[in-house]
Structure formats: structure tokens, C-alpha cells
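Asker: Before anything else, here's the structure in question.
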Amino acid sequence: MYCYKCGQEIEDDSKFCPLCGAQIEQSQEDIDYSSYAPDYNNPMDKPSIGLNILSFLFPIIGIVLFFVWRNTYPIKGKSCVKFSLMSIIFNFIFMIVAGMSLGVYFINL
């Protein structure tokens, strides 16, 4: 039997999922939850240089692609969200350095 919430395989007599803690009802054992698991064996699932650059330049696109592809293309989606996060961190550090430089410049006027 599989958990309806996370797809984890559990024992037939379990009342709760040991992974996510969801309450298990016996009527749910006929449902196939294998489609909820990410497919890491997909040959089309590899990081793309173009999508990584696009995700770095426009971080919101990388975040959206991650949520769209997290089950069908998990490796490609994770790569996009990593570049989005790198962009956000880079821009944050750049703003701090630029702000400090401008502050020093205007103080010395």
C-alpha cells in the first residue's frame, strides 16, 4: 500500500505514514501513487545551459520551471532553481557592495 500524501510504500496494517505522518485509510490502497514519484531515469532530464542562463538572468522563470518540472524533469528543474537562487544571492551581495561604495563616495564629498 502507498501513502496518499507522499507516495511512500507502507505496510498494509499501518494507520499513519512513517515518512510524512498522514493518516491512512484502508479504502485508498487501490490508488496507484507511483506517478507522484520523481522520474530520475528520464533520458531527456539533464541540465540545460540555455535554461540555466535564463534562470540566472530572470530568477522567477527558474523558480516557476522548478515547480512545473519537479516530477517530470527533476534534475533540470533543480538546476534551474539553483541558478535562480545564485542570481538572487549575487544581486543581494551586489546591492550591498554598491550601497556601501555610494555611501563612502558621498561621505567623502
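Read-outs: derived from the displayed coordinates by stated rules, not from any lab. For clarity, every value in this text was computed on a predicted model and none was experimentally measured. Backbone-built Cβ (ideal geometry, glycine too); neighbour counts: all protein chains shown.
Asker: Return one quarter of the surface area of the convex hull spanned by the alpha-carbon atoms of the chain, equal to its mean projected area, in nm².
Answerer: Over all viewing directions, the chain projects a mean Cα-hull area of 10.3 nm².
Asker: Further, regarding this structure: Go through the chain and flag any cysteine with no other cysteine's C-beta closer than 4.7 Å, please.
Answerer: Singleton cysteines: 80.
Asker: Taking 8 Å as the Cα distance limit and 6 or more residues as the minimum spacing, I'd like the relative contact order of the chain as a percentage.
Answerer: Normalised by residue count, the contact order of the chain is 19 percent.
Asker: Full-extension gain between residue 93 and residue 8, please, as 0.36 nm times their residue separation minus the C-alpha to C-alpha distance.
Answerer: My answer for the length gained is 26.6 nm.
Asker: If you take every residue apart from residue 51 with its C-beta less than 15 Å away from the C-beta of residue 51, what net charge results, scoring Lys and Arg +1 and Asp and Glu -1?
Answerer: Combined, the nearby Lys, Arg, Asp and Glu give +4.
Asker: Okay, moving on. Just add up the charged neighbours of residue 66: K/R +1, D/E -1, any other residue whose Cβ is under 14 Å from the Cβ of residue 66.
Answerer: Cβ neighbours under 14 Å give a net charge of +3.
Asker: Moving to a separate point now. What full-extension length gain, to one decimal in nm, is calculated for residue 40 and residue 53 as 0.36 nm per residue of separation minus the Cα-Cα distance?
Answerer: In short, 2.4 nm is gained.
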